Amino acid sequence: MTWRTVKALADAANPEELFRGQWQNRPSVLDEYKPYLDDRWSEGCTNAWKLWEEIVPLGYKGSYQRVGACLRRKRTSPRPVTAQPPSPRTVAGWILRRPTALSEAEQLQLKTVLAHCPELDALTRHVRSFAVMLTERQDERLPEWLNAVRQDDLPSLHTLAAGIDRDRDAVIAGLTLPWNSGVVEGHVNRIKMLKRQMFGRAGFGLLRKRVLLAPWSCCQCLMRGSG
């Protein structure tokens, strides 16, 4: 051991200072293929032998052991802890609920999601504006809402706006009158449920009997709704 080596060992303040010199950042035959390995690792392929077999046809002439060592470093390197993103169903639930019904944590999470997606932010504004218009029966705001929707690049809402324009009188009636077809729709859904329970194994005759032989009160409600 030379005097220079002894002095370097004595002067080192931490172990990292010992790894300096001509061997540091030495080129490797694997360097050219590391981007490919990183992409495959991100896709979930962590088998060193399989990855070695994949890069050999690409021109890699190094050993399998070098690929295995590279993947071992990946496995043992500390990974940043990231929060699991909310599912689309969860985000949709936050948007459709009243803002006051969301907890502080949910409001914060939704705010973060909307900050990363301007289109979703615009959609949330339109949905909540329509909800206020619907619950407070503000039919006079409908033209303003339709114009605001058309200003944003949201094809799905454009389709909705076109449908509202075609049935504007019915929509305005729904926003102003105290009556609705909710009861009738409920009984229609009940009949559809009975039909689907038969799985196509019987015809209209059995469906008719199942509806008519239901409890008297249900039949009475059905007849009042259809009338």
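The figures follow:
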{"quantity": "Residues within region 33-71 that are surrounded by 10 or more Cβ atoms within 10 Å (Cβ to Cβ) and free of Cβ contacts under 8 Å to residues at least 12 places away in the same chain, tallied", "calculated": "10"}
{"quantity": "Check on GLY93, part of a helix (DSSP H, G or I), within 19 Å of VAL127 (Cα to Cα) and at pLDDT 85 or above", "calculated": "yes"}
{"quantity": "Members of region 171-197 found to be aliphatic (A, V, I, L, M) and either exposed (fewer than 10 other Cβ atoms within 10 Å of the Cβ) or touching a residue at least 12 places away in the same chain (Cβ under 8 Å) (or both), listed by number", "calculated": "VAL171, ILE172, LEU175, VAL183, VAL184, ILE191, MET193, LEU194"}
{"quantity": "Test: ARG79 is modelled with pLDDT under 90 and basic (Lys, Arg)", "calculated": "yes"}
{"quantity": "Of all residues in region 101-154 being of a type in the set (Val, Ile, Thr) and more than 17 Å from the chain's Cα centre (by Cα), the one that is surrounded by the most Cβ atoms within 10 Å (Cβ to Cβ)", "calculated": "VAL149"}
{"quantity": "Residues satisfying the stated conditions in region 39-64, i.e. assigned to a loop (DSSP other than H, G, I, E, B), over 16 Å from VAL29 (Cβ atoms) and among the small types (Gly, Ala, Ser)", "calculated": "GLY44"}
{"quantity": "GLY205 being closer than 30 Å to LEU134 by Cβ, in a helix (DSSP H, G or I), modelled with pLDDT of 80 or more and not charged (D, E, K, R)", "calculated": "no"}
{"quantity": "Region 117-134, residues that are over 18 Å from LEU146 (Cβ atoms) and in a helix (DSSP H, G or I)", "calculated": "PRO118, GLU119, LEU120, ASP121"}
{"quantity": "Residue list for region 85-100, restricted to those being of a type in the set (Ser, Thr, Tyr) and within 13 Å of the chain's Cα centre (by Cα)", "calculated": "SER87, THR90"}
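The values are calculated or read from the model by the stated rules, or taken from the named source; none is laboratory data. Predicted, not measured: the structure shown is a model, and the values here were computed from it. So basically every Cβ, Gly included, is an ideal-geometry build from the backbone, and we count neighbours across all protein chains shown.
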